[in-house]
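Take a look at the structure set out below.
Each value in this text was obtained by applying a stated rule to the coordinates, not by laboratory testing. Predicted model only: the values in this text are computed from it and were never measured. Counting neighbours? That spans all protein chains shown, and the Cβs are built from the backbone with ideal geometry, glycine included.
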Amino acid sequence: MAVIEFRDVSYHLPDGRAILRNLNLAVHRGEILVLLGRSGSGKTTALKLVNRLLDTPHGELRVDGRSVREWDVIKLRRHIGYAIQEVGLFPHFTVERNIGLVPTIENWPKEKIARRFEELIKLVGLSADVASRYPHQLSGGQRQRVGVARALAADPPILLMDEPFGALDPLTRTDLQREFLSLQQKLQKTVLFVTHDLREAMLLGSRIALLEEGKLVSLSSREEFLASPDPLVKKYVEAFGTAVEWSERGTP
Amino acid sequence: MNFWSFVSQNKFEIADLTLEHLWMVGAATLFAIAIGIPLGILITRKPGLRKPVIAAANIVQTIPSLALFGFLLPAPWIGDRAGRLAVLALTLYALLPLIRNTCTGIKGVDRAVVEAARGMGLTDWQLLYKVELPLAASVILAGVRVAVVISIGLATIAAAIGAGGLGELIFRGLAMVNNDVILAGAIPAALMALTADTLLGWLEKRLSPPRAA
């Protein structure tokens with residue numbers, strides 16, 4: 001079932017430049033759909049339309065069968081976890097308060113928030129003694145783990161992730177990718193994941209959508225993607241070399 | 001008669017005038033905070049208002065203080081008492097640093113932090129008081145600090161319209177061509193400015209958000 005559905009969605013800048021052109025795409029329950037593309041392909045824009053950080057002027061975008069325009073925007077955003085490359089942790093809050101912010105403003109009882117924190121911090125592979133630290137006292141990998149935990153805090157069924165592991169060193173990145181994958185096997189969220197990294201797409205994606213200049217070029221499974229005859233897909237695959245280790249995830 | 005004997009003979013008057021001075025500056029600062037910070041926030045929300053608001057505050061700043069005191073004299077109610085008039089004029093002068101620093105402070109909050117906050121479903125109000133204002137606090141306080149120091153200096157001129165304060169001694173000393181009397185007004189005013197600057201500077205440091213290590 002489609003949890004997120006783009007129907008003929010276009011997006012233009014005020015100066016008329018098209019960022020997205022007639023995008024049609026459905027993200028199914030429990031899958032990780034990877035939006036792959038180079039910078040400027042419109043993938044981040046597509047992501048931000050879903051939680052209405054940008055507004056959809058043309059076409060229809062549905063979340064859980066309802067147009068995002070009909071959703072109360074605050075309810076919509078609390079229904080969707082959001083993790084970005086820069087993380088955006090609140091520098092004046094401790095790790096615990098960062099993670100507990102949405103539960104707090106949703107008026108969860110204190111004990112429930114504390115329990116949720118313990119649960120999440122384990123889930124993302126950190127020990128509970130980071131609770132009282134501030135973001136600047138964490139490493140990049142720890143920060144991103146906290147960012148993911150914060151996105152999951154109120155247990156939203158949908159996750160939007162914009163190159164969340166992009167700024168990490170390759171080793172930490174691989175660790176986090178694998179951990180996220182096993183996390184996802186437990187949690188079964190519906191994930192829309194933006195990246196320009198084909199390796200990451202191959203590792204994480206249930207399906208891969210390639211965007212180029214705001215247009216959907218191809219939408220396929222990982223296996224089909226590598227074998228695609230489409231010249232743009234081929235170019236992308238070649239750019240990453242023939243040794244794309246998509247098999248390291250094992251057969252699904 | 002030297003400086004110290006003048007001070008010791010007139011210590012009660014000097015203390016009175018110092019209090020009067022403090023009162024004018026304090027009241028003006030509070031009014032300026034109450035008006036300037038909300039205005040500064042408003043112009044981050046309505047970018048179209050930014051230029052006209054800053055321009056208006058800028059223009060006020062360019063009016064020579066003596067002239068501003070004069071312009072305000074005919075104002076009803078305000079003009080009845082020199083003290084009120086002085087507070088109004090000082091408030092107007094203090095607005096610019098407050099509006100500008102509030103705006104700069106809020107706009108200076110890391111965009112990723114604001115985006116994450118909005119993305120996770122904070123309302124505009126929650127974004128403001130949980131994220132933007134705490135993170136902008138030290139910059140806003142720097143504005144308060146500038147405003148207070150300017151006001152302490154400017155308030156000496158308020159004596160020209162009979163509002164009292166330490167300026168009274170300065171003007172009296174000028175008329176008498178007596179440096180000791182001038183200093184008896186100028187030194188406490190300078191000390192007041194230095195103290196306020198130090199205290200607010202300390203507070204500003206305490207309110208700075210934790211920095212990247």
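Using a cutoff of 8 angstrom between alpha carbon atoms and counting only pairs six or more residues apart, the relative contact order for segment B:128-188 works out to 19 percent.
Under 18 Å from the Cα of A:LYS235, which aspartates and glutamates turn up, not counting those fewer than eight places away in the same chain? Excluding near neighbours in sequence, the set is A:ASP197, A:GLU200, A:GLU212, A:GLU213, A:GLU223, A:GLU224, A:GLU245. To the nearest Å, what is the center-to-center distance of segment A:8-31 and segment B:177-192, using C-alpha atoms only? Value for the Cα centre distance between the two parts: 70 Å.
Given the Cα atoms of segment A:129-201, and with Rh set as the inverse mean 1/r over their pairs in the Kirkwood sense, what is Rg to Rh to two decimals? The partial results should precede the final answer.
Numbers: Rg = 12.5 Å, Rh = 13.1 Å.
Value, to two decimals: 0.96.
In this model, which of A:LYS43/B:LYS107; B:LYS130/B:LYS205; B:LYS107/B:LYS130; A:LYS43/A:LYS186 are farther than 24 Å apart at the alpha-carbon? Listed pairs above 24 Å: A:LYS43/B:LYS107; A:LYS43/A:LYS186. The chymotrypsin sites (Phe, Trp or Tyr not before Pro) of segment B:45-130 that meet both conditions, a loop assignment by DSSP and at most 11 other Cβ atoms within 10 Å of the site Cβ, are B:TRP77. Placing unit charges on the Cβ atoms of the charged side chains and taking the dipole of the protein assembly as shown about its Cα centre, the candidate lying farthest along the positive direction among A:ALA201, B:ALA142, B:ALA193 is A:ALA201.
Over segment A:182-237, the alpha carbon radius of gyration divided by the compact-protein estimate 2.2 N^0.38 Å works out to 1.18. The Kirkwood radius of segment A:1-158, taken over pairs of alpha-carbon atoms, gives through the Stokes-Einstein law at 4 °C and 1.567 mPa s a diffusion coefficient of 76 µm² s⁻¹. Among beta bridges from DSSP that stay inside the protein assembly as shown, the antiparallel ones total about 50%. Exposure proxy shown here: for B:TRP202, B:TRP23, the number of other Cβ atoms within 10 Å sets the order, fewest to most, as B:TRP202, B:TRP23. With respect to chain B, whose longest principal axis is taken over its alpha-carbon atoms, helix B:167-176 is tilted by about 30°. Modelled spin labels at A:ARG69 and B:LEU66, positioned 7 Å past Cα toward Cβ, are 6.4 nm from each other. What the pair-distance distribution of segment B:1-75 shows, using all Cα-Cα distances binned every 10 Å from zero, is 15, 27, 28, 18, 9, 4, 0 percent.
According to the Kirkwood relation over distinct C-alpha pairs, the hydrodynamic radius of chain B is 18.8 Å. Extension gain for B:VAL177-B:TRP125 works out to 13.0 nm (0.36 nm per residue, less the C-alpha to C-alpha distance). Averaged over the residues of A:72-80, the number of partner chain Cβ atoms lying within 10 Å of the residue Cβ comes to 3. Here the translational diffusion coefficient of segment B:151-195 follows from Stokes-Einstein with Rh set to the Kirkwood radius across Cα pairs; for 25 °C and 0.890 mPa s it amounts to 243 µm²/s.
For B:ARG45, put the label point 7 Å out on the Cα→Cβ axis and report which residues of segment B:97-114 keep their amide N under 15 Å from it. Within reach of a label on B:ARG45: B:103, B:106-107. With contacts taken as Cα pairs under 8 Å and at least 6 residues apart, segment B:101-210 reaches a relative contact order of 28 percent. Once C-alpha pairs closer than 8 Å and six or more residues apart are averaged by separation and normalised to the residue number of segment A:149-219, the relative contact order reads 30 percent. Between the exposed loop cleavage positions of chain A, defined as GluC sites (Glu not before Pro) in a non-H, G, I, E, B DSSP state with at most 16 neighbouring beta-carbon atoms within 10 angstrom, the longest gap is A:107-212.
Structural size metrics of the protein assembly as shown, computed from C-alpha coordinates, are Rg and Dmax of 30.1, 102 Å. If R0 equals 30 Å, the separation of the Cβ atoms of B:ALA190 and B:TRP23 corresponds to a calculated FRET efficiency of about 0.95. The slack between A:ALA239 and A:SER182, meaning 0.36 nm per residue of separation minus the straight C-alpha distance, is 17.7 nm. Percentage of Cα-Cα pair distances in segment A:26-96 greater than 21 Å, rounded to whole percent? In whole percent, the share of Cα-Cα pairs in segment A:26-96 beyond 21 Å is 35.
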